[in-house]
Structures are given as structure tokens and as C-alpha cells.
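The values are calculated or read from the model by the stated rules, or taken from the named source; none is laboratory data. Keep in mind the model is a prediction, meaning the values are calculated, not measured. Neighbour counts run over all protein chains shown; Cβ positions are idealised from the backbone, glycine included. With ligands, DNA and RNA removed, areas are computed over all heavy atoms of the protein, side chains included. Shrake-Rupley method; radii C 1.70, N 1.55, O 1.52, S 1.80 Å.
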Amino acid sequence: FADIPDFDYPVHYADDMPGYEGLRAAWVDAGPADAPRTFLCLHGEPSWSFLYRRMIPVFLASGARVIAPDLFGFGRSDKPVRQEDYSFDFHRAHLLGLVERLDLRNVTLVVQAWGGLLGLTLPVDPGFATRLSRLIVMNTGIGQGESPGPGFDAWKAYALSTPDLPVGRIIARGTPHLTEAEIAAYDAPYPGPEYKAGAQVFPALVPVSPDMAGADLGKAAARFWSETWTGDSFMAVGAADPVLGTEPMARLRSLIRGCPEPFIIPDGGHFMQEWGEQIARAAL
């Protein structure tokens, strides 16, 4: 992590989180602790909090605090080497525990990809719902027991069958403006293929059938966003995303009560935060 470009923010660590003793969690915590609002930025797979480097400066300039965790298996957080150590609840409970530990208030939840699959279920927990005030959502969905489609199925099969995932190149494939230094930054968390178990198995954890872990939470989350949610929402859509583009995001928008027309980026790919400065400015 010595040469990560444009990501010089304070990093915090904890290896004593309840239920995760001995596993070191990492997160960026930037801006004043007593800021009037906090942006909780959740990354997906196979990225890490570095994905938010274009959005964080805009959020900080507004006087806010920014928390950007690295999920276990990604970024600067520890990476269990067995695929079976990862589960939907393993990741979700970590996020809830971190929010409690930091006592975050007046939270703007910022999500994309797996950050949304997990993050959009967090308000099912009443303790988190009372902390939430705003939503910024980009190319993602709510897992309710159905597959996103054949494109996702192909990605899942590829990830499971490729022990040494070329993470940086995968992200660059739909993000042509990345520099070589930025591509290397996405590879930085993985000194060897044994560190990629989380990245390999994550697609297989998406709740694509009703009996999978997370599917019931997804259904409860859909009810929350459609029936209970009264806060402000902002949706940005990368139209060039082959899996979670305009049609899937239109379906998600229909589940989010009061969600306005989306901010469309015609050439935006799956990793929308790489167009993040214009999204963040539009969302403020």
C-alpha cells in the first residue's frame, strides 16, 4: 500500500470487534468526528475503499465526516484464506458492529454492488435505521432470491474457477480511464492468490435462491425501502454496466419510496465511483 495514488486518508484498525476477535478490520475515517453528517461508503467486489477516492474529497469539502470500511477479504482488512469463512451474515454483522463501535449518527449511506446488497439490508436492524437519514445508491440491487441474469451467472462461475483473479484488470475492463498506478492499487491488497478467497467466493454469496442466506433479509429490506423509508434518496446509474445497468436500477428505484429520477452516466460502467466526483457533486 506504499504507493497508492490519491488516497492519503487516516486509516484506523481494530482486532477486537465482538465476534471477530483476532481479525483486523480497517477503515478510513476522515473529517471532523463531530461533523453534522457522516457519509458511510460501502464498496463492493473485488474492490476496496480506494474505490471512493474521487468522492471523498467532495464529501469532506461539505464539512462532513467520511467512513469507508474495507470488508474482510478486501483492502487493508484481514483476509481469511478459506472460502467457507465468508458468508452474507459475516460481512453484514461486521458493518453493523462498526457502525455501533463508531456510534455513527445522521448517516448518508453510500452503496454500490455488494456494498448495496449488504448496505441496503442494514436498516432492517432498528438500531441502524434510527441512525440513517439519506441514501446515495449506484449500480446495485437487493438480493431477494432471484439471479440478476446470465451475465451475473457467468461472472460467478468465472470468479469461483479462477484462483488468481486479475483484480485490477477486471476493474479496468469497464473503466478505461484508469491509470496503471490505479490498476496496481486495486491489486495491492493481494500479494498472492491465497489472499483472494473472499473475492472468489463473494459472487456465490449473492442470494439468488429463496433458501440462501440473505434472501429473507433482502425481502425485509425491500419492505423497509418501499414502505417505511421517508428520507432523501439519490440514484446514479452507469448505463454501460452489462449486469446492473438501467433496467435493474429502474426496478430498484421502484422499491425505494420517493426516489427521484436517476442521474445517468451514459458511459458509466459497473464501478461507478470511478466517475465519482460528478456523482458526489450532483448528490450533495
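For (1) assigned to a helix (DSSP H, G or I); (2) open to solvent by 10 Å² or more (accessible area, probe 1.4 Å), each residue gets a yes or a no:
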{"position": "Ala213", "(1), (2)": "no, yes"}
{"position": "Pro248", "(1), (2)": "yes, yes"}
{"position": "Leu252", "(1), (2)": "yes, no"}
{"position": "Arg257", "(1), (2)": "no, yes"}
{"position": "Ile264", "(1), (2)": "no, yes"}
{"position": "Asp267", "(1), (2)": "no, yes"}
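Filtered by the rule that a residue be within 14 Å of Ser47 (Cα to Cα) and open to solvent by 60 Å² or more (accessible area, probe 1.4 Å), the range 146-192 gives Arg169, Arg173. Here Arg105, Arg131 are screened, and the one residue that is of a type in the set (Lys, Arg) and either crowded, with 19+ Cβ neighbours inside 10 Å or without any contact (Cβ under 8 Å) to a residue 40 or more places away in the chain (or both) is Arg131. Just one of the listed residues (Val206, Val243) is modelled with pLDDT under 95 and under 30 Å from Glu84 (Cα atoms), namely Val243.
Checking each residue in the range 154-171 for being within 30 Å of Ile256 (Cα to Cα), free of Cβ contacts under 8 Å to residues at least 60 places away in the same chain and either in contact with a helix residue (DSSP H, G or I) (Cβ under 9 Å, 6 or more places away or on another chain) or assigned to a loop (DSSP other than H, G, I, E, B) (or both) picks out only Lys156. Does Glu227 fit the bill of being open to solvent by 10 Å² or more (accessible area, probe 1.4 Å), charged (D, E, K, R), modelled with pLDDT of 95 or more and out of contact with any His (no Cβ under 6 Å at 6 or more places or on another chain)? Taking the combined requirement at face value, the residue satisfies it.
The single condition from (1) in contact (Cβ under 8 Å) with a residue 40 or more places away in the chain; (2) open to solvent by 60 Å² or more (accessible area, probe 1.4 Å); (3) not aromatic (Phe, Trp, Tyr) that Val243 fails is (2).
So how many residues does the range 61-85 have that are farther than 20 Å from Asp3 by Cα, out of contact with any strand residue (DSSP E or B) (no Cβ under 6 Å at 6 or more places or on another chain) and either open to solvent by 10 Å² or more (accessible area, probe 1.4 Å) or among the basic types (Lys, Arg) (or both)?
Of the residues in the range 61-85, 10 are farther than 20 Å from Asp3 by Cα, out of contact with any strand residue (DSSP E or B) (no Cβ under 6 Å at 6 or more places or on another chain) and either open to solvent by 10 Å² or more (accessible area, probe 1.4 Å) or among the basic types (Lys, Arg) (or both).
Taking (1) assigned to a helix (DSSP H, G or I); (2) more than 22 Å from Phe74 (Cβ to Cβ); (3) among the charged types (D, E, K, R) in turn, Lys196 satisfies each apart from (2). Within the range 117-126, if we keep just the residues that are open to solvent by less than 30 Å² (accessible area, probe 1.4 Å) and not hydroxyl-bearing (Ser, Thr, Tyr), the residue that is farthest from Leu104 (Cα to Cα) turns out to be Leu117. Scanning the range 232-246 turns up one or more residues that are out of contact with any Cys (no Cβ under 8 Å at 6 or more places or on another chain) and assigned to a helix (DSSP H, G or I). For the range 86-97, taking the residues that are open to solvent by 40 Å² or more (accessible area, probe 1.4 Å) and in contact with a Gly (Cβ under 8 Å, 6 or more places away or on another chain), the one that is farthest from Ala283 (Cα to Cα) is identified as Asp89. Looking at (1) under 19 Å from the mean Cα position of the chain (by Cα); (2) under 19 Å from Phe128 (Cβ atoms), which is the one condition that is false for Trp229? Evaluating Trp229 over (1) under 19 Å from the mean Cα position of the chain (by Cα); (2) under 19 Å from Phe128 (Cβ atoms) leaves (1) as the failure.
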